[in-house]
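Worksheet for the structure shown next.
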Amino acid sequence: MTHKLPPLNYPNNALEPHIDTRTMAVHHDKHHQAYVANLNKALEDYPDLQEMATLELLSDLDRVPEEIRTAVRNHGGGHANHSMFWNSLSPNGGGVPDGDLAEAINESFGSFTDFQEAFRKAAMTLFGSGWAWLCMDDEGKLLITTTANQDNPVSQGLFPLLGLDVWEHAYYLKYENRRADYVASWWNVVSWGFVSANLAAIKIAIGARNLAEDVDKWAKDTWSKIEGVFSKPEDK
Ligand code: MN
């Protein structure tokens with residue numbers, strides 16, 4: 001099996017004016033495509049690893065042979081992060097979360113506004129290329145974190161609920177150096193339904209006893225859900 005670029009489930013111009021058409025085309029069709037191609041190349045000689053979901057690989061990089069570990073970390077991370085990213089955006093997004101998610105955010109951060117401010121600060125203070133994340137730890141506590149490059153929080157035993165790409169390629173064509181404007185605008189296209197669905201899957205995973213099993217179960221469940229919409233590996 002090889003990984004393939006998941007199609008977007010909305011047109012390139014659907015997120016205008018918050019994320020512009022040209023950025024979507026380059027970001028999805030070129031950048032994401034390159035991560036997929038390089039991941040497949042790295043896994044070329046490893047048929048058993050090809051059978052694993054990308055998030056499963058990332059959840060325990062030690063089981064990936066050393067000669068391809070960095071490639072899997074970077075390009076597998078790029079594939080996983082972007083697949084989640086497209087899925088977390090919607091032309092009907094924005095607004096505020098509700099239900100369990102709203103409750104969890106209020107418990108952990110005080111209010112949705114306080115959460116937004118903390119997330120904004122994380123996205124703005126990340127130096128260089130990387131991602132800002134809303135994650136859950138293995139005790140069910142929400143936290144905000146950042147990762148460099150294409151690292152995914154699952155490699156640190158955290159469960160990512162929502163990620164924001166702050167690589168310049170994600171915003172430079174429209175916003176140039178104004179990362180703050182991009183971050184502020186992004187909230188208008190966040191799909192809280194996607195984040196809520198992730199939260200439900202993660203809570204189930206955390207219900208299991210052993211953390212390693214949790215991460216695996218979560219990776220499998222979440223990835224298959226995302227893949228169902230987006231990113232089914234293709235039979236060779
Ligand atoms: Mn990107």
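Each reported figure results from applying straightforward, stated rules to the coordinates on display, with no laboratory input. Note that the structure is predicted; figures quoted are calculated from it, not measured. Here the Cβ positions follow ideal geometry from the backbone for every residue, glycine too, while neighbour counts run over all protein chains shown.
Couplings for region 134-148, taken from phi via the Karplus curve 6.51 cos²θ - 1.76 cosθ + 1.60 with θ = phi - 60°, read 9, 10, 10, 8, 6, 9, x, 8, 7, 8, 9, 9, 10, 10, 7 Hz in order; Gly and Pro are left as x. Sequentially through region 43-57, phi angles give Karplus couplings (6.51, -1.76, 1.60; θ = phi - 60°) of 8, 3, 9, 10, x, 6, 6, 5, 7, 8, 5, 4, 5, 5, 4 Hz, Gly and Pro residues having no value and appearing as x.
With a Cα cut-off of under 25 Å and a minimum spacing of 8 residues unless on different chains, the lysine pairs in region 20-236 number 24. Over region 45-142, the ratio between the Cα radius of gyration and 2.2 N^0.38 Å evaluates to 1.34. Looking at region 59-139, the chymotrypsin sites (Phe, Trp or Tyr not before Pro) that sit in a DSSP loop and have at most 10 other Cβ atoms within 10 Å of their own Cβ are Phe127. Between His18, His79, His169, the residue with the greatest mean-square fluctuation in the GNM of the chain (Cα pairs under 10 Å linked by springs) is His169.
Exposed loop sites, defined as GluC sites (Glu not before Pro) outside DSSP H, G, I, E and B with at most 12 other Cβ atoms within 10 Å, are absent from the longest region of the chain, namely 52-138. Helical runs (DSSP H, four residues minimum) scored at -39500 (n - 2.57) apiece and divided by the length of the chain put the mean residue ellipticity at 222 nm at -14000 deg cm²/dmol.
A P(r) calculated from all alpha carbon pairs of the chain, with 5 Å bins opening at zero, reads 1, 7, 15, 19, 21, 18, 12, 6, 2, 0 percent. Positive-end ranking of Thr147, Phe119, Tyr171 along the dipole of region 66-198, with charges on Cβ about the Cα centre, is headed by Tyr171.
Mind jotting down the distance between the C-alpha centroids of region 53-69 and region 132-162, whole Å? Centre-to-centre (Cα) distance: 17 Å.
Electrostatic bookkeeping for Asn12 treats Lys and Arg as +1 and Asp and Glu as -1; over the other residues with beta carbon under 11 Å from its beta carbon, the sum is -2. Any chance you could check the Cα centroid distance between region 77-105 and region 3-44 for me, in angstrom? One Cα centre to the other: 17 Å.
For the chain, with a Gaussian network of springs between Cα atoms less than 10 Å apart, report the residue from Gly110, Gly193, Gly94 with the top mean-square fluctuation. Highest fluctuation among the options: Gly110.
Summing charges over neighbours of Thr113, with a neighbour being any other residue whose Cβ is under 14 Å away from its Cβ, gives 0 when K and R count +1 and D and E count -1.
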